[in-house]
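For reference, the structure is listed below as structure tokens.
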Amino acid sequence: MNTLEFFQRVLPSTGIYVAAQVLPNDKFRHRFFRSHEDLAAYVLRMSDGGANMYYAVSAYRTEENRTQANVRATKVLFLDLDVGAHKDQKKAYLTLREATNALEDFLAAYNLPPPMFVHSGGGLHLYWTLDRELSRDEWKPLALAFKAAAIDFGFRIDTAVPSDEARVLRPVGARNPNYATN
């Protein structure tokens, strides 16, 4: 799957989309786009140039900001699994194999379909696409229940991620410049 196909699958079909570049001071520089094609082209161009690129998981109403209040719709549920000995082991897995074993157990425990995943460089971003896009009011209770299930299961996740409709994650095709290989 290429970057454009990924965006077409995980993002709502209309709205304003956001690319987020991590700057040297760890702040984000946001760019707004009205098409999946323009978003994909920008993210790839910047990533190929060495930029640390992310995208926002929702479509927005305006180009004013990337906030939860500005979210128009979301089409996925998602988790962030960190991997590595340098991470907080209460929130991370030592190895990719350990993380994928935990994922398999989580899927079996809740009878969930396999997710799409992106190797983020320091772990995995997992995506379950929904049958349709949801408004913030429809999405939030579902996301909170999904987050609670992951926590109750004992899944080592970044607990801020699953219920944040304004979250940025690394897309397919974007390299993490903080790691030698992705």
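The values are calculated or read from the model by the stated rules, or taken from the named source; none is laboratory data. If you're wondering where the values come from, they're calculated on a predicted model, not measured in any experiment. So basically every Cβ, Gly included, is an ideal-geometry build from the backbone, and we count neighbours across all protein chains shown. Surface accessibility is based on the protein's heavy atoms, side chains included, excluding ligands, DNA and RNA. Shrake-Rupley method; radii C 1.70, N 1.55, O 1.52, S 1.80 Å.
Taking the Cα atoms of the range 25-82 alone, what are Rg (to one decimal) and Dmax (as a whole number) in Å?
Rg and Dmax of the range 25-82, Cα atoms, are 12.5, 32 Å.
Give the carbon-plus-sulfur fraction of the accessible surface of the chain in %, rounded to a whole number; probe 1.4 Å, heavy atoms of protein chains only.
Its accessible area is 50 percent carbon and sulfur atoms.
Leaving ligands, DNA and RNA out of it, rank Asp137, Asp82 by accessible area with a 1.4 Å probe, largest first.
Most to least solvent-accessible, the answer reads Asp137, Asp82.
Tell me, what is the percent relative contact order of the chain, built from C-alpha pairs under 8 Å that lie six or more residues apart?
28 percent
Under 16 Å Cα to Cα from Lys75, which aspartates and glutamates show up? Leave out anything in the same chain fewer than 8 places away.
List returned: Glu5, Asp131, Glu133, Asp137, Glu138, Asp164, Glu165.
Quick check on the chain: helices-only [θ] at 222 nm, where DSSP H runs of length 4 and up contribute -39,500 (n - 2.57) each and the sum goes over total residues. Nearest 500, please.
Taking each H run of at least 4 residues, the total per residue is -9500 deg cm²/dmol.
Averaged per residue, what accessible area in Å² does the range 21-84 show with a 1.4 Å probe, protein chains only?
Per residue, the range 21-84 has an accessible area of 47 Å².
Compute, for Ile157, the solvent-accessible surface of its heavy atoms (probe 1.4 Å) with the complete set of protein chains present, and express it in square angstrom to the nearest 10.
10 Å²
Compute from the Cα atoms of the chain the Rg and the Dmax, the latter being the longest Cα-Cα distance, and quote both in angstrom.
That works out to 15.7, 42 Å for Rg and Dmax.
Find, to one decimal place in angstroms, the Kirkwood hydrodynamic radius of the range 91-136, where the mean of 1/r is taken over every pair of different Cα atoms and then inverted.
Result for the range 91-136, one decimal place: 12.1 Å.
Any idea of Thr129's accessible area? Nearest 10 Å², probe 1.4 Å.
Estimated to the nearest 10 Å², Thr129 gives 60 Å².
Using only the alpha carbons of the range 77-182, what is the convex hull's orientation-averaged projected area in square nanometres?
So the mean shadow area of the Cα hull is 6.9 nm².
Under a straight-distance cross-link criterion of Cα-Cα below 19 Å, which lysines are reachable from Lys91, leaving out those fewer than 8 residues away in the same chain?
Qualifying lysines at Cα under 19 Å: Lys147.
I'd like the FRET efficiency for Leu94 and Glu37, computed as 1/(1 + (r/R0)^6) with the beta carbon distance as r and R0 of 30 Å, rounded to 0.05.
Efficiency, from the Cβ-Cβ distance: 0.15.
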